[in-house]
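Following: one structure in structure tokens, then a few remarks.
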């Protein structure tokens, strides 16, 4: 066994895992969309690590930003105004679009902290204490963000923080058997009805905010049906409830636009972000609020704070990343190769009986594996792990949630690289089809 692996297993607690059986890969190099293990085996990073390495590995501009800022001023507390802190905040508020003119940003260190601090901001601004979010969601692993999360990763935090309630968000493929949809409008009407019912049952006058992953991430890559977010916003406005778009995974061109909400004819009151703001080169996240919320805290004390809020090196990399998205023409690449990814996945869905559905928007996709297309029975956890193993043997690196395989490569991927990797996925799905005979 690798000495590095031995030491890692002895002293590190690895996330979301029983430790004994783990055999973590020892990685020695990363460049572009690839990384290499200690044996020299190359892997294509088809999940962008945890859907955060949007600009790939080894980007020189981001690395230089870290070096330059470290030499100039590695750290100064968040109470101070410095050039890079001011520049990053300005760039990010502008990145959110004209509707956020006059707004402000509170910097955090990660997505879970962003949602945690957004919860506190919503409570302070509205004076209310309840929150709604989808069952099919993941918002983080702190106590507040775990309570906000709808799927099973909230269980260890329960009973958790009071005031969190969940509703069923749009997932037409797995709607109740007795429900049928003629068109997308039916999907929107059905799930908006469930949301409005949840609001009424929990008392709209008690609800501070509704949190939604603009495009649901690990729990399915579920883009909202047309009119859903707009309808949700109208219900929130009717009752004075804040709409918070969790853009931690979907933001920074992952779906094709700066933030995903910009594709759905809606403007939230609050945006939470992280991953793509620095592409993992250093930790950074944040909460962007509209002008009216920012104005509230002009006279009212904001009870939020972090030692490393607006860390200088994080801010420096965020500034560099925004510039790199433009220089590398990332929006154009996502438009081109996102279309290609959709076409290739549609072919795989038609070809392979183990694929129940493929869902995609931009370079953000999930392939949901089933044992039976008619019953939609999922592959088991052990079976899905076996699929991941086959992919990794062939150098295709990704992760799963339940029986869904994430396909979310770095946004700099070329057409040739994308075709090569989807061909590997095709080969492996052919093997999986054989299991179902």
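The values are calculated or read from the model by the stated rules, or taken from the named source; none is laboratory data. Keep in mind it's a predicted model, so treat the numbers as computed, not measured. With ideal geometry, Cβ positions are generated from the backbone for all residues, glycine too; neighbour counts draw on all protein chains shown.
Among the residues of the stretch 225-239, those that are surrounded by fewer than 20 Cβ atoms within 10 Å (Cβ to Cβ) and touching a strand residue (DSSP E or B) at 6+ places or on another chain (Cβ under 9 Å) comprise 235, 237, 239. When each of 248, 266 is tested for being surrounded by fewer than 22 Cβ atoms within 10 Å (Cβ to Cβ), in contact (Cβ under 8 Å) with a residue 24 or more places away in the chain and assigned by TED's automatic domain parsing to the domain that holds residue 183, the lone residue that passes is 266. Of the numbered criteria (1) touching a residue at least 12 places away in the same chain (Cβ under 8 Å); (2) farther than 18 Å from residue 364 by Cα; (3) more than 21 Å from the chain's Cα centre (by Cα), the one residue 284 fails is (3).
Residue count for the stretch 192-209, restricted to those that are under 29 Å from residue 367 (Cβ atoms) and in contact with a strand residue (DSSP E or B) (Cβ under 7 Å, 6 or more places away or on another chain): 2. Remark: pairs (first residue in the stretch 157-172, touching a residue at least 12 places away in the same chain (Cβ under 8 Å); second residue surrounded by fewer than 17 Cβ atoms within 10 Å (Cβ to Cβ) and in a loop (DSSP other than H, G, I, E, B); Cβ separation under 8 Å; 6+ apart in sequence or on different chains) = 162/129; 163/129; 166/135; 167/135; 168/135; 169/135; 172/181. Taken together, the criteria place residue 97 among residues that are within 16 Å of residue 247 (Cβ to Cβ), in contact (Cβ under 8 Å) with a residue 12 or more places away in the chain, surrounded by fewer than 20 Cβ atoms within 10 Å (Cβ to Cβ) and in the same structural domain as residue 294 (by TED's automatic domain parsing). In the stretch 308-423, counting only strands (runs of 3 or more DSSP E) that sit wholly within it, the ones holding 2 or more residues that are surrounded by fewer than 23 Cβ atoms within 10 Å (Cβ to Cβ) and either in contact with a helix residue (DSSP H, G or I) (Cβ under 9 Å, 6 or more places away or on another chain) or at pLDDT 95 or above (or both) span 355-360, 365-372.
Condition check ((1) closer than 16 Å to residue 244 by Cα; (2) out of contact with any helix residue (DSSP H, G or I) (no Cβ under 7 Å at 6 or more places or on another chain); (3) modelled with pLDDT under 95) across all residues:
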position: 138; (1), (2), (3): yes, no, no
position: 148; (1), (2), (3): yes, no, no
position: 159; (1), (2), (3): no, yes, yes
position: 166; (1), (2), (3): yes, yes, no
position: 170; (1), (2), (3): no, no, no
position: 175; (1), (2), (3): no, yes, no
position: 181; (1), (2), (3): no, no, no
position: 184; (1), (2), (3): no, yes, no
position: 188; (1), (2), (3): no, no, no
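Residues that are in a loop (DSSP other than H, G, I, E, B), within 28 Å of residue 140 (Cβ to Cβ) and in contact with a strand residue (DSSP E or B) (Cβ under 8 Å, 6 or more places away or on another chain) within the stretch 32-57 comprise 33, 46, 47, 53, 56, listed in sequence order.
Output the residue which, of all residues in the stretch 173-193 that are in contact (Cβ under 8 Å) with a residue 12 or more places away in the chain and surrounded by 14 or more Cβ atoms within 10 Å (Cβ to Cβ), is nearest to residue 375 (Cα to Cα).
Applying the first criterion (in contact (Cβ under 8 Å) with a residue 12 or more places away in the chain) to the stretch 173-193 yields 173-175, 184-185, 187-188, 190-192.
Next cut, surrounded by 14 or more Cβ atoms within 10 Å (Cβ to Cβ) only: 174-175, 184, 187-188, 190-192.
Numbers: 174: 10, 175: 12, 184: 22, 187: 20, 188: 23, 190: 22, 191: 22, 192: 26 Å.
Looking at residues that are in contact (Cβ under 8 Å) with a residue 12 or more places away in the chain and surrounded by 14 or more Cβ atoms within 10 Å (Cβ to Cβ), I get 174.
For the stretch 74-94, filtering for residues that are touching a residue at least 40 places away in the same chain (Cβ under 8 Å) and either farther than 10 Å from residue 310 by Cβ or in a loop (DSSP other than H, G, I, E, B) (or both) leaves 10. Just to be sure before I move on: is residue 287 in contact with a helix residue (DSSP H, G or I) (Cβ under 9 Å, 6 or more places away or on another chain), crowded, with 21+ Cβ neighbours inside 10 Å and closer than 23 Å to residue 250 by Cβ in the structure I sent? Taking the combined requirement at face value, the residue satisfies it. Across the stretch 104-112, not a single residue is classified as closer than 20 Å to residue 168 by Cα, in contact with a strand residue (DSSP E or B) (Cβ under 9 Å, 6 or more places away or on another chain) and either crowded, with 21+ Cβ neighbours inside 10 Å or not assigned by TED's automatic domain parsing to the domain that holds residue 208 (or both).
Looking for whichever is within 18 Å of residue 266 (Cβ to Cβ) and either within 23 Å of the chain's Cα centre (by Cα) or surrounded by 17 or more Cβ atoms within 10 Å (Cβ to Cβ) (or both) here; the options are 221, 210, 161. Which one fits?
On the way: 221 fails: within 18 Å of residue 266 (Cβ to Cβ); 161 fails: within 18 Å of residue 266 (Cβ to Cβ).
Only one candidate passes the filter, namely 210.
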